[in-house]
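For reference, the structure discussed in these notes is given below.
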Amino acid sequence: MAGNQRRRRRNKKSRSQPVRKNGSRDVDPFEYGEALSWRNQSYMNDIADRCAPSPHPLSMCQSRAAAFGYPCEEYKVTTEDGYILSLKRIPHGPHDSNTSTEMRPPVLLFHGLMVDGATWVMSTPKQSLGFILADNGFDVWIANSRGTNSSRNHTSLSTKDPAYWEWSWDELASYDLPAVLQFAYDHTGEKIHYIGHSLGTLMILAAFSEHKLLDVVRSAVLLCPIAYLSRTKSKLLKLAAHIFLAETVHWLGFHEFNPVGPVAHEVLSQICGDPEINCYDLFSAVAGPDCCLNTSTFCAFLEHAPQSTSVRNLVHLSQLVRNGGVSRFDYGNAKDNMKHYNQPRPPPYNLSSIPNHVPIFLTHGGEDYLGDVPDTRHLLRTLVKKHNSDSIEVIYVPDYAHADFIMAYNAPELIYGPMVDFFKRH
């Protein structure tokens, strides 16, 4: 990759400063006050007292966008396998004199695991990526995957049916992602800038590796991507994967995994006895210790998350942790794999086959336990084989953990500003 890594002198009040690779300018440092970090137990107790988890009764459009004066449209998109997804649209900012979307490049945002599209508008208009993009002239589309609060309908199944939950991120990449991208493309007539966070990055990488969606995607932003997971820093995830915890839950007959339900409580009881697992701070134990969240944003997060996923999805992610590669779902025996894939083992996603003509903007953090540095560098080496310095840009923020990339108070300067510049160049 062209361009040398440049480290800036640390500003005394700025706890997170990016290192950029691509030969372009560095972001100017900014000064900030003290950040909320769950490294400090008193902060965590303070949050728990002021904003216990409670579902917000209104939709994202009503609870977040309308509160700040943004127009917000809601659509229903049906996948080829019958799931009815909620797709939100913020076509422009609240103060735009020209409300036409004809000259506005469309961008689709896809959330990560156990959250929904509200994660993109958790904070104020100056700090939330969804609002920032709308204010910068983009036509913003926000996806919500199957199983989340606003996407629980199906043409023939109920969420009480076990068959409803028989999917993993394979199906998200094969059905949910193309359905919402094609819908936005058909409505705008333009190729889409794509932004994924966490699991939202794995979906687009899987699709690209099979040369799918290339005709509707203009560029791809990967915020703390997860693909290779074998070197995750999360001791909780490693232990859960290696004792086959998700598989056990599935064998016991559970299909929906509600992170605040009785199944989750039972799961945690199986691993919290390990002295190396910090079950008093689960968010950090899974995603890494954030540096830069504030109380109001995290309270908004608790109104919309965590949300359900399928147990099978957790099984599939556990397979990535154990096996080291990126492959389709393993049914556990040669007979079932033959039935689905016509071969005894699940086929891998060949990420090195991703074409180089799709510009990629990738960010990762030094404190991220999921998109950990060794696994992300493995992914980068795979992608760089095909991409040159003009078509890939990388920003590394040493203090950032997994949640900081979508909720940090300083992400607009460190991440979103350079991202908008990237879109304008591509």
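I'd like the full set of residues that are open to solvent by less than 10 Å² (accessible area, probe 1.4 Å) and in contact with a Cys (Cβ under 8 Å, 6 or more places away or on another chain), limited to the stretch 67-91.
Those that are open to solvent by less than 10 Å² (accessible area, probe 1.4 Å) and in contact with a Cys (Cβ under 8 Å, 6 or more places away or on another chain): Lys88, Ile90.
Taking Tyr194, is it at negative phi, more than 16 Å from the chain's Cα centre (by Cα) and not in a loop (DSSP other than H, G, I, E, B)?
Here the answer is no, as Tyr194 does not meet what is asked.
Among the numbered criteria (1) under 18 Å from Ile406 (Cβ atoms); (2) in contact with a helix residue (DSSP H, G or I) (Cβ under 8 Å, 6 or more places away or on another chain); (3) part of a loop (DSSP other than H, G, I, E, B), which one does Pro289 miss?
(2)
So Val260 ticks every box in (1) surrounded by 18 or more Cβ atoms within 10 Å (Cβ to Cβ); (2) among the β-branched types (Val, Ile, Thr); (3) assigned to a loop (DSSP other than H, G, I, E, B) but one. Which box is left unticked?
Single failed check for Val260: (1).
Criterion first (in a loop (DSSP other than H, G, I, E, B), within 17 Å of the chain's Cα centre (by Cα) and either at positive phi or small (Gly, Ala, Ser) (or both)) does Ser151 satisfy it? Break it down into steps so the answer makes sense when it comes.
Details: in a loop (DSSP other than H, G, I, E, B): yes; within 17 Å of the chain's Cα centre (by Cα): yes; either at positive phi or small (Gly, Ala, Ser) (or both): yes.
When the stated conditions are applied, Ser151 passes them.
Taking the stretch 275-286 on its own, how many of its residues are part of a loop (DSSP other than H, G, I, E, B) and either more than 23 Å from Gly371 (Cα to Cα) or open to solvent by 50 Å² or more (accessible area, probe 1.4 Å) (or both)? Write out each step before concluding.
Let us first name the residues in the stretch 275-286 that are part of a loop (DSSP other than H, G, I, E, B), namely 275-281.
In the following step, the residues that additionally are either more than 23 Å from Gly371 (Cα to Cα) or open to solvent by 50 Å² or more (accessible area, probe 1.4 Å) (or both) were identified as 275-276, 278, 280.
Total satisfying the criteria: 4.
If Ala241 satisfies every condition in (1) touching a helix residue (DSSP H, G or I) at 6+ places or on another chain (Cβ under 6 Å); (2) farther than 18 Å from Asp330 by Cβ but one, which is the exception?
(2)
Give me a count of the residues in the stretch 340-359 that are farther than 24 Å from Leu317 by Cβ and either loosely packed, with under 14 Cβ neighbours inside 10 Å or among the β-branched types (Val, Ile, Thr) (or both). Spell out the reasoning first.
Of the residues in the stretch 340-359, the ones farther than 24 Å from Leu317 by Cβ are 342, 355-359.
Narrowing further to those that are either loosely packed, with under 14 Cβ neighbours inside 10 Å or among the β-branched types (Val, Ile, Thr) (or both): 342, 355, 357-358.
Selection size over the stretch 340-359: 4.
List the residue pairs whose Cβ atoms are under 7 Å apart, where the first residue sits in the stretch 260-281 and is acidic (Asp, Glu), the second is not in a loop (DSSP other than H, G, I, E, B), and the two are 6 or more positions apart or on different chains.
Asp274/Leu239; Glu276/Lys235; Asp281/Met44
Give the residues of the stretch 111-130 that are surrounded by fewer than 24 Cβ atoms within 10 Å (Cβ to Cβ) and out of contact with any Ser or Thr (no Cβ under 7 Å at 6 or more places or on another chain), sorted by residue number.
Those that are surrounded by fewer than 24 Cβ atoms within 10 Å (Cβ to Cβ) and out of contact with any Ser or Thr (no Cβ under 7 Å at 6 or more places or on another chain): Thr124, Pro125, Lys126, Gln127.
Working carefully through the options Ile192, Ile271, find the one that is of a type outside the set (Asp, Glu) and crowded, with 22+ Cβ neighbours inside 10 Å. Explain how you work it out, then say what you get.
On the way: Ile271 fails: crowded, with 22+ Cβ neighbours inside 10 Å.
It is Ile192.
Out of the stretch 365-398, which residues are of a type in the set (Ser, Thr, Tyr) and part of a helix (DSSP H, G or I)?
Let us first name the residues in the stretch 365-398 that are of a type in the set (Ser, Thr, Tyr), namely 369, 376, 382, 389, 391, 396.
Once the filter is applied, which keeps residues that are of a type in the set (Ser, Thr, Tyr) and part of a helix (DSSP H, G or I), the stretch 365-398 yields Thr376, Thr382.
If we keep just the residues of the stretch 364-411 that are touching a residue at least 60 places away in the same chain (Cβ under 8 Å) and of a type in the set (Val, Ile, Thr), which is surrounded by the fewest Cβ atoms within 10 Å (Cβ to Cβ)?
The extreme case among them is Val384.
Condition check ((1) open to solvent by less than 10 Å² (accessible area, probe 1.4 Å); (2) modelled with pLDDT of 95 or more) across all residues:
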site: Leu181; (1), (2): yes, yes
site: Ala184; (1), (2): yes, yes
site: His187; (1), (2): no, yes
site: His197; (1), (2): no, yes
site: Thr201; (1), (2): yes, yes
site: Lys235; (1), (2): no, no
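Scan the stretch 217-232 for residues that are outside any strand (DSSP E or B), crowded, with 18+ Cβ neighbours inside 10 Å and of a type outside the set (Phe, Trp, Tyr) and jot them down.
So the first thing to find is which residues in the stretch 217-232 are outside any strand (DSSP E or B), and the list is 224-232.
Filter once more, keeping what is crowded, with 18+ Cβ neighbours inside 10 Å: 224-229, 232.
Within the stretch 217-232, Cys224, Pro225, Ile226, Ala227, Leu229, Thr232 qualify.
Quickly run through the stretch 304-338 and pick out the residues that are polar (S, T, N, Q) and either without any contact (Cβ under 8 Å) to a residue 12 or more places away in the chain or outside any loop (DSSP other than H, G, I, E, B) (or both). Lay out the reasoning, then the answer.
Within the stretch 304-338, the subset polar (S, T, N, Q) is 307-310, 313, 318-319, 323, 327, 333, 337.
Listed by number, the residues that qualify are Thr309, Ser310, Asn313, Ser318, Gln319, Asn323, Ser327, Asn333, Asn337.
Within the group Leu214, Leu205, Leu239, which residue is open to solvent by less than 50 Å² (accessible area, probe 1.4 Å), in a loop (DSSP other than H, G, I, E, B) and of a type in the set (A, V, I, L, M)?
Leu214
Based on this model, can you work out whether Lys191 counts as within 30 Å of Asn410 (Cα to Cα), at pLDDT 95 or above and of a type in the set (Lys, Arg)?
In short, yes.
Any residue at all in the stretch 339-349 that is within 16 Å of the chain's Cα centre (by Cα), modelled with pLDDT of 95 or more and assigned to a loop (DSSP other than H, G, I, E, B)?
Kept after step one, since they are within 16 Å of the chain's Cα centre (by Cα), are these residues of the stretch 339-349: none.
No, the stretch 339-349 contains no residue that is within 16 Å of the chain's Cα centre (by Cα), modelled with pLDDT of 95 or more and assigned to a loop (DSSP other than H, G, I, E, B).
For the stretch 324-366, give me the residue count where each residue is more than 24 Å from His211 (Cα to Cα) and polar (S, T, N, Q).
Number satisfying all stated conditions: 1.
For the stretch 103-110, does any single residue satisfy the condition of being farther than 18 Å from Gln307 by Cα, among the β-branched types (Val, Ile, Thr) and open to solvent by less than 10 Å² (accessible area, probe 1.4 Å)? Working first, answer last.
Our first condition is that a residue be farther than 18 Å from Gln307 by Cα; within the stretch 103-110, this holds for 103-108.
Remaining after also requiring among the β-branched types (Val, Ile, Thr): 107.
Now drop any that are not open to solvent by less than 10 Å² (accessible area, probe 1.4 Å), which leaves 107.
Yes, the stretch 103-110 contains a residue that is farther than 18 Å from Gln307 by Cα, among the β-branched types (Val, Ile, Thr) and open to solvent by less than 10 Å² (accessible area, probe 1.4 Å).
The values are calculated or read from the model by the stated rules, or taken from the named source; none is laboratory data. Model, not experiment: these values are computed from the prediction. We place every Cβ from the backbone using ideal geometry, glycine too, and count neighbours over all the protein chains shown. What goes into the accessible areas is simple: the full protein's heavy atoms, side chains included, and nothing from ligands, DNA or RNA. Shrake-Rupley method; radii C 1.70, N 1.55, O 1.52, S 1.80 Å.
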